[in-house]
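Just below is one structure, and these are the notes that go with it.
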Amino acid sequence: MQRYSRIANRFWVAVLIGISFVMIFPFILMLSTSLKNMAELQRPVFSIIPDVLRFENYPKAMARGDWALYFWNSIYVTAWTVVLSLLFNSMAGFAFARLQFRFRDSLFIVSLIGLMIPPQVNMLPIYVILKYVPFAGGNDWLGRGGLGWLNSYWGLIAPYVAGSFGVFLFRQFYLTFPRALDDAAVIDGMTARQRFMYIYLPLSKPVMASLVALKATATWNEYTWPLIITMTTDMRTVQLALSLYKDEYTIEWELLMAATAVAIIPLLIIFFCAQRYFVEGIVTTGIKG
Amino acid sequence: MRPTKKLKQYDNTGYLFILPFYVFFAVFIVTPILMNLVLSFTRFNLKEMKFIGLQNYLNLFEDEFFVRSLVNTGLYTFFTLAFTMLISLFLAILLNRGLTGTPLFRTSSFIPHVVSMVAASMIWYWMYEPAYGIINRFLAVVGISGKLWLHDEKLALVSIIIMSIWKFTGYYMVIYLAGLQTIPSYLYEATAIDGASEWQKIWYVTIPMLRPVTFFLFVTGVINNFNVFEQVNILTQGGPMNATTTVVHQIFIRAFRDFLMGYAAAQAILVLIIVAILTLMFFKYGSQEQDVEVA
């Protein structure tokens, strides 16, 4: 590393502290607000430290709506989305990287279309598709009469199971495996399924971890899709419930901020524990592009 | 050369392995694109469907809300992307100097990216609050009178842009940082021998070497920002007086409030076309630049 003058260094550290402060401050404000009361918030002189820490705001905020259920919905939807999509993506990635079949490379190229289509554009037709799922939600065999998969867990999960990016990443990762591994396995009489299950899948941990972090964050944070397809309050996810909080009740800022804190703290804890994977996942996205 | 011929033989198990992915891919990605196209030529309200030819597309440009949303989306995309990229590049270069506390700074800039747009919007909704919000309180200390921000026709879009820059900078910065670490240090050493200043190194080595990363961030950034919806729907619902309505917000309103499914599908197709044209343009421009460099 080159030498920099100490004064210049101090200046740049100060700039960094300033920018980091701007990045973090909204969260500090959120926590501070969530522990105050209305009178404190409306005081002409602002103070970041509350007079008393009013933790009672949290149970109060959670009493508006069934937050245990919203959390359960979000966890359920996120877990199934992540498990199904990563399983299917790794299977497809393995096939595209290691199995020989007709049209393999064309099928792979076609699957990359998913990377180029903004999901927002597809929401309307997916809504129509879900409404006409046969035999679901009161529908007859032609998909008429009922709601189909609208307002259901499947409706929240299914559109996110395909993931072209995951397939792409798994394929690239599996291509780096030495061929000798496959040769040895074939000599031992392993089938493709066994090779996938006992060799490829166990060795996929790094790429799995990054994709779990990416996919779980994306699903947990999803707002638009639950907004469109859920109709009853019992199907709400955490994000949707939070977004409706300010519209359904008169705004009490300390409660709104408490609810916001509750909605983001689980994810932040996971982020701090597994930061590496969050960053790695994102970096691979960028470098590969 | 390969010892096993067996692996080279065609084998149908491959289809079984890609089947689950392809089913979901076909139903939820390919079919919707085709459906959008078909629906865009119809009048459809989920009950009755009638073929009306190009009428939806003709109506698009007489729809003042849609025209407004195109302008807003363009402005939003341009300013959000420009500032996000400049600030994140600056931050990444700073963080790459190995100053004290670098990991801490990196993590703190990344947190806005991890939290949901809903949560971020809630916090900024409170910060923009005209009477007690922190931003107006701060302005008062400096001696500037408070603004209405999200409720002000002129400032609403700016407010959303500022929040979005804050939200996205960390993500761009992390990718830039990864790009910076791939630049070989001998390039810097060579320019140092030539007597280049710090700024010259950044200008003549760092920025040109980062071009692929910049290109990637730019293309994906255009696509993502052009589809802005969440912040808008949460913070302003497109208001005041349509000052913040965006293209995807219009699609959402037409499809799920007015149930003009055919019309909304036409809007979606137009978005796809615009995004495709922009992407192709950038790719063409990007490769041309590289040709020049080689020659």
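The values are calculated or read from the model by the stated rules, or taken from the named source; none is laboratory data. All values derive from a computational prediction rather than experimental measurement. FYI the Cβ positions are ideal-geometry reconstructions off the backbone, even for glycines, and counts take in every protein chain you see.
Does the range B:133-143 contain any residue that is within 12 Å of another protein chain (Cβ to nearest Cβ), touching a residue at least 12 places away in the same chain (Cβ under 8 Å) and not in a helix (DSSP H, G or I)?
Within the range B:133-143 (the criterion being within 12 Å of another protein chain (Cβ to nearest Cβ), touching a residue at least 12 places away in the same chain (Cβ under 8 Å) and not in a helix (DSSP H, G or I)), the answer is yes, since at least one residue qualifies.
For residues that are within 10 Å of chain B (Cβ to nearest Cβ), surrounded by 11 or more Cβ atoms within 10 Å (Cβ to Cβ) and farther than 21 Å from B:Pro112 by Cβ, tally how many sit in the range A:41-57. Before the answer, list the steps.
Residues of the range A:41-57 that are within 10 Å of chain B (Cβ to nearest Cβ), as a first pass: A:41-46, A:48.
Those still in the list that are surrounded by 11 or more Cβ atoms within 10 Å (Cβ to Cβ) too: A:41-43, A:46, A:48.
So of that shortlist, the ones also farther than 21 Å from B:Pro112 by Cβ come out as A:41-43, A:46.
Adding up the residues that qualify gives 4.
Of (1) at the interface with chain A (Cβ under 9 Å from one of its Cβ atoms); (2) touching a His at 6+ places or on another chain (Cβ under 8 Å), B:Lys167 satisfies all except one. Which?
Result: B:Lys167 passes all but (1).
Just checking, which of B:Ala255, B:Ala243 is hydrophobic (A, V, I, L, M, F, W, C) and crowded, with 24+ Cβ neighbours inside 10 Å?
Unique residue meeting the criteria: B:Ala255.
Let's see how each residue does on (1) within 12 Å of chain B (Cβ to nearest Cβ); (2) in contact with a Ser or Thr (Cβ under 8 Å, 6 or more places away or on another chain); (3) in contact (Cβ under 8 Å) with a residue 24 or more places away in the chain; (4) surrounded by fewer than 20 Cβ atoms within 10 Å (Cβ to Cβ):
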{"residue": "A:Gly137", "(1), (2), (3), (4)": "no, yes, no, yes"}
{"residue": "A:Ile157", "(1), (2), (3), (4)": "yes, yes, yes, no"}
{"residue": "A:Val161", "(1), (2), (3), (4)": "yes, yes, yes, no"}
{"residue": "A:Gly166", "(1), (2), (3), (4)": "yes, yes, yes, no"}
{"residue": "A:Phe170", "(1), (2), (3), (4)": "yes, yes, yes, no"}
{"residue": "A:Leu175", "(1), (2), (3), (4)": "no, no, yes, yes"}
{"residue": "A:Ala184", "(1), (2), (3), (4)": "yes, no, no, yes"}
{"residue": "A:Met190", "(1), (2), (3), (4)": "yes, no, no, yes"}
{"residue": "A:Arg193", "(1), (2), (3), (4)": "yes, yes, no, yes"}
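Take the range A:28-39 and flag every residue that is more than 7 Å from chain B (Cβ to nearest Cβ) and not hydroxyl-bearing (Ser, Thr, Tyr). Break it down stepwise before answering.
Here is the first cut: in the range A:28-39, the ones more than 7 Å from chain B (Cβ to nearest Cβ) are A:28, A:31-32, A:34-39.
Across the range A:28-39, the qualifying residues are A:Ile28, A:Leu31, A:Leu35, A:Lys36, A:Asn37, A:Met38, A:Ala39.
Residue-wise test of (1) over 25 Å from B:Ser159 (Cβ atoms); (2) at pLDDT below 90.
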{"position": "B:Phe216", "(1), (2)": "yes, yes"}
{"position": "B:Thr220", "(1), (2)": "no, yes"}
{"position": "B:Asn227", "(1), (2)": "no, no"}
{"position": "B:Glu230", "(1), (2)": "no, no"}
{"position": "B:Ala255", "(1), (2)": "yes, no"}
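Being touching a residue at least 60 places away in the same chain (Cβ under 8 Å) and crowded, with 20+ Cβ neighbours inside 10 Å narrows it down to one of B:Leu180, B:Leu75, B:Leu81, so name that one.
None of the other options fit; the residue is B:Leu81.
For the range B:75-86, state whether one or more residues are not aromatic (Phe, Trp, Tyr) and not in a helix (DSSP H, G or I). Can you show your working first?
Applying the first criterion (not aromatic (Phe, Trp, Tyr)) to the range B:75-86 yields B:75, B:77, B:80-82, B:84-86.
Imposing the further condition that a residue be not in a helix (DSSP H, G or I) reduces the set to none.
No - not one qualifying residue is present in the range B:75-86.
So is A:Ile113 on the phi < 0 side of the Ramachandran plot, within 8 Å of another protein chain (Cβ to nearest Cβ), surrounded by 15 or more Cβ atoms within 10 Å (Cβ to Cβ) and within 30 Å of the chain's Cα centre (by Cα) or not? Break it down into steps so the answer makes sense when it comes.
On the way: on the phi < 0 side of the Ramachandran plot: yes; within 8 Å of another protein chain (Cβ to nearest Cβ): yes; surrounded by 15 or more Cβ atoms within 10 Å (Cβ to Cβ): no; within 30 Å of the chain's Cα centre (by Cα): yes.
Judged against the criteria, A:Ile113 is not a match.
In the range B:156-191, how many are part of a loop (DSSP other than H, G, I, E, B) and under 16 Å from B:Trp126 (Cα atoms)?
Total satisfying the criteria: 0.
Can you tell me which residues in the range B:92-106 are farther than 18 Å from A:Gln275 by Cα and within 8 Å of chain A (Cβ to nearest Cβ)?
B:Leu94, B:Arg97, B:Gly98, B:Leu99, B:Thr100
For the range A:175-187, which positions are under 14 Å from A:Ser90 (Cβ atoms) and either among the aliphatic types (A, V, I, L, M) or in a helix (DSSP H, G or I) (or both)?
A:Leu175
Select from the range A:33-53 the residues that are of a type outside the set (Val, Ile, Thr), closer than 29 Å to B:Leu104 by Cα and in contact (Cβ under 8 Å) with a residue 40 or more places away in the chain and list them in ascending order.
A:Ser34, A:Leu35, A:Lys36 - these are the residues of the range A:33-53 that are of a type outside the set (Val, Ile, Thr), closer than 29 Å to B:Leu104 by Cα and in contact (Cβ under 8 Å) with a residue 40 or more places away in the chain.
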